[in-house]
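**Student:** To start, I am sharing the structure in question, which I have written as structure tokens.
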Amino acid sequence: MPVIQVQRKPLTLLERTYLPNIVAGMKTTLKHLVAPAVTLQYPEQRPAIPPGYRGAPTLVKDPDGREKCVSCQLCEFVCPPKAIRVTPGEIPAGSPGAHIEKAPVEFEINMLRCIYCGLCQEVCPEEAIWLQNTYSLSGYSRAGLVHNKQKLYEMGGTLPDAHFKWNKKKAAAEAAAEAAAHGHAH
């Protein structure tokens with residue numbers, strides 16, 4: 001294979017002293033020295049979060065304080081790094097919502113594995129998982145960054161519910177119970 005020699009012009013005396021490069025660097029430094037500061041006093045001041053930002057996944061409750069998660073496990077199945085683990089369970093029999101759905105016994109998201117893709121929020125039929133605008137998560141250990149159900153609800157809080165699914169189902173169940181009661185009374 002032939003070797004191609006590249007012809008380079010020799011450096012001038014000024015170029016060999018690196019003065020043009022030093023002057024260019026000093027010009028940049030002086031320009032930033034007199035410009036207004038752009039430093040934020042983090043964490044008191046935070047940068048603006050762009051629309052569509054995908055932050056930390058959390059669990060949310062409906063406006064009445066009920067769990068929206070019905071432990072369908074779709075989020076667990078769709079999660080690419082397998083960061084979500086759901087243990088489904090039944091709602092206790094004495095609970096007002098026992099006839100409606102089921103709820104998770106355990107729900108964990110390993111934030112060390114989470115890639116913030118947002119697939120869990122997209123696939124959730126109940127809108128129980130919501131991506132918050134939280135971008136700075138820290139912990140003292142690996143176990144501290146595996147968020148359990150209680151921690152996820154603390155981070156997520158309550159989200160306005162546009163569907164009012166529980167209220168519709170409750171009204172339908174009450175109507176059915178009333179109809180059954182009237183049917184037995186006659």
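**Student:** Identify all aspartates and glutamates with a Cα-Cα distance to K61 below 13 Å; exclude those on the same chain that are fewer than 8 residues away in sequence.
**Tutor:** E126, E127, E154, D161
**Student:** For the chain, which DSSP H helices look membrane-span-like by this rule: Cα extent along the axis of 15 Å or more and mean Kyte-Doolittle of at least -1.0? The partial results should precede the final answer.
**Tutor:** Values: long enough: 19-34 (23 Å, 0.63); 165-185 (30 Å, -0.75).
Membrane-span-like by this criterion, though nothing is claimed about a membrane: 19-34, 165-185.
**Student:** I want to verify a result. In a Gaussian network model of the chain, Cα cutoff 10 Å, which of these has the top mean-square fluctuation: A56, A35, A103?
**Tutor:** Most flexible of the set in this elastic network: A35.
**Student:** Can you figure out the FRET efficiency of S136 with V78, using R₀ = 30 Å and their beta-carbon distance, to the nearest 0.05? Before the final figure, lay out the partial values.
**Tutor:** Numbers: r = 26 Å, r/R0 = 0.86.
Plugging the Cβ-Cβ distance into 1/(1 + (r/R0)^6) gives 0.70.
**Student:** For mean projected area of the Cα convex hull in nm², pick the label among (1) 11.6; (2) 10.6; (3) 22.8 that corresponds to the value derived from the coordinates.
**Tutor:** Answer by label: (3).
**Student:** How large is the charge dipole for the chain, taken about the Cα centre, if only the Cβ atoms of Lys, Arg (+1) and Asp, Glu (-1) carry charge, to the nearest 20 debye?
**Tutor:** 1240 debye
**Student:** If you check each cysteine of the chain for another cysteine whose beta-carbon is under 4.7 Å away, which ones come up empty?
**Tutor:** C69, C72, C79, C114, C117, C124
Rule-based calculations on the coordinates, nothing more; no lab input. No experiment lies behind these values; they were computed from the predicted model shown. Cβ atoms come from the backbone with ideal geometry, glycine included; neighbour counts cover every protein chain shown.
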